[in-house]
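The values are calculated or read from the model by the stated rules, or taken from the named source; none is laboratory data. Note that the coordinates shown come from a computational prediction; the quantities given were computed from them, not determined experimentally. Glycine also receives a Cβ, built like all others from the backbone with ideal geometry; neighbour counts cover every protein chain displayed. The accessibility values were calculated without ligands, DNA or RNA, using every heavy atom of the protein model including side chains. Shrake-Rupley method; radii C 1.70, N 1.55, O 1.52, S 1.80 Å.
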Amino acid sequence: MDAITSLVVNTSAYWFKNSNELIDLKEGRNASFEYGHYGNPTTKALEEKMSALEKAESTLFVSSGMYASVGMLAALVPVGRHIVTITDCYRKTRIFIQNELPKMGISDSVMMLRACSFVIARMPMWRRLAQLIKLWDHVLWMIIHKNIVVRKLLYATLNEIFIFDPADMDSLKSAMDQNNLVNNLSLVFMESPTNPFLRCVDIEFISKLCHNKGALVCIDATFASPVNQKALTLGADIVLHSATKFIGGHNDVLGGYLSGSEELISKIH
């Protein structure tokens with residue numbers, strides 16, 4: 001058909017004219033669809049468009065951004081291995097990493113990004129206090145987390161700049177030089193820009209550092225969209241999005257996707 005827009009295919013199963021067509025599909029001689037769970041023409045069209053935007057070999061679209069995170073972690077991090085992530089990320093992702101991954105025999109280290117700063121010098125007192133209260137849950141979680149080591153906690157007065165600086169890129173490099181971490185490290189998972197504070201990480205630096213240690217790098221780039229940032233071209237192995245946000249754009253759909261190499265996306269699929 002010559003439709004300008006992509007067709008919406010509403011079916012859970014597909015028709016084969018005879019057994020030979022099904023055999024050809026199973027043995028790789030014919031590209032077709034078998035069952036809705038394995039693929040759909042509409043979804044495939046969407047995945048191809050996102051691959052083009054991300055400059056990726058392959059894309060997998062799923063029901064939500066959270067499921068994209070869960071599926072990726074479950075598929076790529078074996079039992080007994082280790083991941084590194086940051087505290088400044090989507091809260092539900094952080095909770096899943098903290099509470100659910102240990103049940104699967106997966107441990108984690110959590111780091112906070114450098115330059116978590118708030119300029120509050122000229123704010124009224126109530127707004128200064130509000131800024132600190134806003135940070136409290138974030139800071140408390142880091143302090144009580146079993147693997148957190150707070151290296152620095154610097155702050156001046158409520159009239160100056162509040163800086164929480166326990167983990168810059170140097171501390172990431174230092175942590176990854178530890179033998180027990182390097183030997184078990186499978187994945188480094190970060191957001192850029194982060195949710196909710198919109199901080200950016202040096203994806204190229206992190207990718208080179210992690211690849212030298214044999215670890216994969218996944219970047220959640222939801223708050224950038226592939227229009228503003230292409231994490232794969234900067235060295236990341238996988239880029240993840242909650243399509244519910246800027247990809248959807250109209251607050252009327254839920255969705256998520258992962259883009260990367262054909263090999264990695266096939267493992268997740």
Query raised in the report: Using a probe of 1.4 angstrom, how much of the accessible area of region 1-92 is carbon and sulfur, in percent?
Result: 55
Report task. May I ask you to derive the FRET efficiency for ASN228 and ASN251 from their Cβ-Cβ distance with R0 = 22 Å, giving the value to the nearest 0.05? Result -> 0.65
Query raised in the report: Label GLU48 and LYS17 with points 7 Å out from Cα along Cα→Cβ: what is the distance between them in nm?
Result: 2.2
Query raised in the report: So how exposed is CYS200, as accessible area in Å² (1.4 Å probe, rounded to 10)?
Result: 90
Query raised in the report: By the scheme Lys and Arg +1, Asp and Glu -1, what is the net charge of all other residues having a beta-carbon under 13 Å from that of ALA56?
Result: -4
**Report entry** Global form of region 42-106, assessed from the alpha-carbon gyration tensor, a/c cut-off 1.5
**Finding:** prolate
Report summary line: For region 208-269 (alpha-carbon point model, no solvent) the Debye-based log₁₀ I(q)/I(0) at q = 0.19 Å⁻¹ works out to -0.73
Requested in this report: Report the local net charge at THR222: Lys and Arg +1, Asp and Glu -1, summed over other residues whose C-beta lies under 15 Å from its C-beta.
Outcome: +2
Query raised in the report: If R0 is 35 Å, what FRET efficiency do you get for MET104 and LYS55 from their C-beta distance, rounded to 0.05?
Result: 0.65
Report task. Would you tell me the accessible area of LYS55, worked out with a 1.4 angstrom probe on the heavy atoms of the protein chains, in Å² to the nearest 10? Result -> 130
